[in-house]
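Down below is the structure, laid out as structure tokens.
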Protein chains: 2
Amino acid sequence: MSEAAYVAVDWGTSSFRLWLVDRTGSVLGERRSHEGMMVAGKHGFAAVLQSHLEAVGAADGLPVVVCGMAGARQGWVEAGYVDTPAQLSSILKQAVAVPGQDRDIRILPGIAQRDPKAPDVMRGEETQLLGTLGMDAADDVLVCMPGTHSKWVRASGGTVERFATFMTGELFDVVSRETILSHAVAGADAAEDVDAFKSAVVAAFEAPAFAANRLFQVRSGQLLYGGKPSSARERISGTLIGLELAAGLTGEAPKAGITLVASGRLQMLYQLAFDTVSVPVRSIGAEDAVRRGLAMAARSIWNV
Amino acid sequence: MSEAAYVAVDWGTSSFRLWLVDRTGSVLGERRSHEGMMVAGKHGFAAVLQSHLEAVGAADGLPVVVCGMAGARQGWVEAGYVDTPAQLSSILKQAVAVPGQDRDIRILPGIAQRDPKAPDVMRGEETQLLGTLGMDAADDVLVCMPGTHSKWVRASGGTVERFATFMTGELFDVVSRETILSHAVAGADAAEDVDAFKSAVVAAFEAPAFAANRLFQVRSGQLLYGGKPSSARERISGTLIGLELAAGLTGEAPKAGITLVASGRLQMLYQLAFDTVSVPVRSIGAEDAVRRGLAMAARSIWNV
């Protein structure tokens, strides 16, 4: 087994992922848990990190590079923001060291769009972007990064020009769990209903103003015509993703095309949504992207 | 004091309102409670109604006319639906008698739009519509009825042609309470921020696809620029109402104009939203409308 060179951590609001990495970028050990910022804020960030470092057998002096909500004001140590237009390479230069630790721990900053008409922030996605685009990226690319708070980023030559966050994932979650639609999806199994999803995407994409009406129809349609809970779930999902695509794809087509950065079920759903509205995308795994971004940070900071 | 002629009840999902009414339509007694369908379903509809009848001193034989969710499948006695195109007068003919009661109790049916492409249902609003439009209404009117599930109704000559339900009120509720925006509105006082509301209405009305982005900006704007929790609330409200108006006002302008049926804070907000997008409406109180509709039903059924 080769020797570990650094530890990479993606520390989100509700999830924690850690990789023990060697000099070539190979993963020697891995940890996943639900100790995101919310949980770690109570138990202590240092203690949570230490337990996972021990679990993968990280040597005492091994440095740790962290991205995500651990750098938020309500996180571990505030890592601030790089402002748009933001060179992706500059997030490497503004990594913040966590004081009073036995090892060298750095947290990467987020990106802020200080435009009073379109204020926006990201934390964690900038590292995915770095891993996706590299530092010398193509001219005018559009990146779609689905999630609880989906990000759509317009970048050029390694610089984030503008971005917009959509609450799609969180809306899906509360609409399915906390509204009258919870009756429509209750007991849904994993069965997919591609037709229901696609028709909901098209409807919301073509007439976004009717999104709150399309959502109600998930319930009234089931009331009048029946239908499976899993189909209802796909309709909600398709409506919200179609709404997001209608906005994200507004404006001039990006010269260097569209990149989808996603994994698992989200990758599948967004790929299907883009296909449905006949927009080609190239797809990159979200986890690969963040690990590659953290590797670039580690190389830049410690030359490992 | 004049003699009571009947009792009128508006029995919603989460609210119960009862009026003791004389032959001229004057209200002799009134009750309000949170014993809507959800609560009454547990305690028993008959028991809940009886306690309020006793509280207003309703005589034993006095008849009761009910509209709303008491007539749903999961309500007291299912009162079915009149299908669109639905003559408002026909809801009076299809009132359902509650069996096994000491007094004559009738529940009015709802209206269903059995269109697989736009399935929709209403219960309670048909009675408000009856009270608003009467049975010989003008040609081609658009009625906006804000609420947990706002209804937009296109009617002509006393017939409901089409309608659409928007989950605006429920979305406002879950978005404010259950998402990241709950941090933005936490501790909001009653202070109004008319400018924040109006600019959110305009933004969502002009670019409805960006609704889920505008919502996130409520949080990111506060993070980057500060701002009061009450202003954040107005922005959420304006975004969702602007989105609803963008859809509701799609299509040809109604020949006989637009009527807003609302009360209290909702009346104020929707009136301001319509003013903001320069669309004139005439406003009718929602409670007056439902009482008038129930009075028309009582007159038709019992000739009182």
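The values are calculated or read from the model by the stated rules, or taken from the named source; none is laboratory data. Because the structure is predicted, anything quoted here is derived from the model rather than measured. Virtual Cβ from ideal backbone geometry, glycine too; neighbours counted across all protein chains shown.
Based on what the data block shows, is B:Ala164 within 10 Å of another protein chain (Cβ to nearest Cβ) and over 21 Å from the mean Cα position of the chain (by Cα)? Answer is no for this residue. Being in contact with a Leu (Cβ under 7 Å, 6 or more places away or on another chain) and more than 26 Å from A:Val141 (Cβ to Cβ) is a property that A:Val185 lacks. Exactly one residue out of B:Phe210, B:Phe205 is in contact (Cβ under 8 Å) with a residue 60 or more places away in the chain and of a type in the set (Phe, Trp, Tyr), and it is B:Phe205.
Selection within the stretch B:32-64: residues that are under 18 Å from the mean Cα position of the chain (by Cα) and crowded, with 17+ Cβ neighbours inside 10 Å. The member of this set that is modelled with the lowest pLDDT is B:Met37. For the stretch B:232-274, the set of residues classified as among the acidic types (Asp, Glu) and surrounded by fewer than 19 Cβ atoms within 10 Å (Cβ to Cβ) consists of B:Glu252 only. Say whether the condition of being within 23 Å of B:Thr132 (Cβ to Cβ) and not in a helix (DSSP H, G or I) is met by at least one residue in the stretch B:196-214. No, the conditions are met nowhere in the stretch B:196-214. Checking B:Ala138, B:Ala95 one by one, the residue that is within 29 Å of B:Met268 (Cβ to Cβ) and more than 14 Å from every other protein chain (Cβ to nearest Cβ) is B:Ala138 and no other. Screening A:Thr148, A:Thr168 for residues that are crowded, with 23+ Cβ neighbours inside 10 Å, among the polar types (S, T, N, Q) and under 30 Å from B:Thr165 (Cβ atoms) leaves exactly one candidate, A:Thr168. Filtering the stretch B:198-217 to residues that are more than 8 Å from every other protein chain (Cβ to nearest Cβ) and either of a type in the set (D, E, K, R) or surrounded by fewer than 24 Cβ atoms within 10 Å (Cβ to Cβ) (or both) leaves B:Lys198, B:Ser199, B:Val202, B:Ala203, B:Phe205, B:Glu206, B:Arg214. Exactly one residue among B:Gly147, B:Gly100 is within 14 Å of another protein chain (Cβ to nearest Cβ) and in a loop (DSSP other than H, G, I, E, B), and that residue is B:Gly147.
Tallying residues that are within 7 Å of another protein chain (Cβ to nearest Cβ) and within 18 Å of A:Ala190 (Cα to Cα) within the stretch A:223-232 yields 0.
Taken together, A:Ser176, A:Ser182, A:Ser220 contain a single residue that is hydroxyl-bearing (Ser, Thr, Tyr), within 12 Å of chain B (Cβ to nearest Cβ), buried (at least 18 other Cβ atoms within 10 Å of the Cβ) and without any contact (Cβ under 8 Å) to a residue 12 or more places away in the chain, which is A:Ser220.
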